[in-house]
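What follows is calculated from the coordinates using simple rules that are stated; it is not laboratory data. As the structure is a prediction and not an experimental result, all values here were calculated from the model. When we count neighbours, we look across all protein chains shown, and the Cβ atoms used for this are built from the backbone with ideal geometry, even at glycine.
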Amino acid sequence: MRLATIRVNSVEETAVVTATGVIPLRALNQQLGEHWPTTTLDIIVSGQLEKVNDWYYHEGQDVLKRLKEYQIPLDQVNYTPLYRHPPKSGVSG
């Protein structure tokens, strides 16, 4: 599983990287009823990284294929640093 931090509508958030794009965790939370943190640092600090990783390898790859409408194509992704510590002022997560 590869994660990236991207900027969408002036908000930095974590996304899962696929072969053709990225799907923001915020979209996965909405579609799957999950409550994963939406920033990489929060995922790590909260201990949720292993849970997200387990989901990805047990069912996530198939789920991501079905959620193509939430995918941002790789050539349109605005990447940012994986995480900021301390967080950049004015950036919500």
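Numbers for the structure displayed
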| read-out | value |
| --- | --- |
| Under 14 Å, Cβ to Cβ, from residue 53 - net charge with Lys/Arg +1 and Asp/Glu -1 | -2 |
| The chain, dipole about Cα centre (Lys/Arg Cβ +1, Asp/Glu Cβ -1), debye to the nearest 20 | 220 debye |
| Longest segment of the chain lacking trypsin sites (Lys or Arg not before Pro) that sit in a DSSP loop with at most 13 other Cβ atoms within 10 Å | 3-87 |
| Net +/- balance of residues flanking residue 38 in space, Cβ distance below 10 Å, scoring K and R +1, D and E -1 | -2 |
| Extension gain (nm, one decimal) between residue 2 and residue 19, 0.36 nm per residue minus Cα-Cα | 5.1 nm |
| Part-to-part distance (alpha-carbon centres) for segment 40-55 and segment 3-37, which is given in Å | 13 Å |
| Residue order, fewest to most beta carbons within 10 Å, for 82, 64 | 82, 64 |
| Net length gained if the chain between residue 75 and residue 50 were fully extended (0.36 nm per residue, minus Cα distance) | 6.2 nm |
| Value of relative contact order over segment 3-80, rounded to a whole percent, pairs C-alpha under 8 Å and six or more apart | 40 percent |
| Value of D in µm² per second that Stokes-Einstein yields for the chain, Kirkwood Rh from Cα pairs, at 4 °C (1.567 mPa s) | 97 µm²/s |
| Computed FRET value (nearest 0.05) for residue 9 with residue 63, which takes r as the C-beta separation and R₀ as 35 Å | 0.90 |
